[in-house]
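Notes for the one structure printed next.
The values are calculated or read from the model by the stated rules, or taken from the named source; none is laboratory data. Nothing here was measured: the structure is a model prediction, and the numbers come from that model. Please note: Cβ atoms are built from the backbone with ideal geometry, for glycine as well, and neighbour counts cover all protein chains shown. For accessibility, only protein heavy atoms count, side chains too; no ligands or nucleic acids. Shrake-Rupley method; radii C 1.70, N 1.55, O 1.52, S 1.80 Å.
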Amino acid sequence: QVQLVESGGGLVQPGGSLRLSCAASGFTFRTYAVGWYRQPPGKERELVARITSAGGSTNYTDSVKGRFTISRDDAKNTVYLQMNSLKPEDTAVYYCNAQKKTSWGRLYDYWGQGTQVTVSS
């Protein structure tokens with residue numbers, strides 16, 4: 001069955017770093033665009049970073065540009081999010097997403113269970 005399993009969250013002080021990982025199984029990972037979303041307490045889920053299949057291009061929400069880096073290792077079916085210079089406003093549950101739209105219009109959209117990131121002194 002399809003699984004996306006996040007890891008690497010935790011409590012970190014402002015200015016610190018964390019690396020999130022998301023291990024995928026049950027589908028052809030390399031053909032999917034993958035992204036990280038986050039949902040702060042009491043707020044909507046938002047896209048943080050996304051990388052296309054084969055790592056052709058990346059995009060980031062403005063608030064994390066220059067601090068976060070998304071990457072993927074298709075040999076390990078894993079996507080990463082390196083988060084540096086963390087701020088309290090980065091506190092959220094972070095979710096991994098894999099998505100593909102076929103040429104005939106069918107959308108495949110998978111989500112992980114989320115991992116908590118808390119930035120606090």
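Test of understanding: extend the Cα→C-beta vector of Ala75 to 7 Å, then name every residue of the stretch 45-66 with backbone N under 17 Å from that spot.
Counting backbone N atoms under 17 Å from the label point, the list is 54-55.
Where the eigenvalues come from the Cα gyration tensor of the stretch 71-121, what are the semi-axes √(5λ) of the equivalent ellipsoid, largest first, in whole Å? Write down the numbers at each step before the final one.
Values: eigenvalues 162, 39, 17 Å².
Equivalent ellipsoid semi-axes, largest first: 28, 14, 9 Å.
Placing +1 at every Lys and Arg Cβ and -1 at every Asp and Glu Cβ, with all other atoms neutral, what dipole size does the chain have around its Cα centre, in debye to the nearest 20?
I would put it at about 240 debye.
Counting only protein heavy atoms, what percent of the accessible surface of the chain is carbon or sulfur at a 1.4 Å probe?
45 percent
Which of rounded, prolate or oblate describes the stretch 7-48 when judged by the alpha-carbon gyration tensor and an a/c cut-off of 1.5?
Note, shape of the stretch 7-48 comes out oblate.
Tell me, what is the percent relative contact order of the stretch 1-112, built from C-alpha pairs under 8 Å that lie six or more residues apart?
On the way: 234 pairs, mean separation 36.3, N = 112.
After rounding, I find 32 percent.
Bins of 5 Å, beginning at zero and ending with the bin holding the largest distance: percent of Cα pairs per bin for the stretch 25-78, please.
Whole-percent P(r) values from 0 Å outward: 4, 19, 25, 21, 16, 10, 4, 0.
Using a Gaussian network model of the chain with C-alpha springs under 10 Å, which one of Ser21, Ser57, Ser85 is most mobile by mean-square fluctuation?
Top of the fluctuation ranking is Ser57.
Roughly how far apart, in whole Å, are the Cα centres of the stretch 97-121 and the stretch 1-62?
About 7 Å separates the Cα centre of the stretch 97-121 from the one of the stretch 1-62.
What is the distance, in nm, between label points placed 7 Å from the Cα along the Cα-to-Cβ direction at Ser85 and at Gln99?
Spacing of the two 7 Å Cα→Cβ label points: 2.7 nm.
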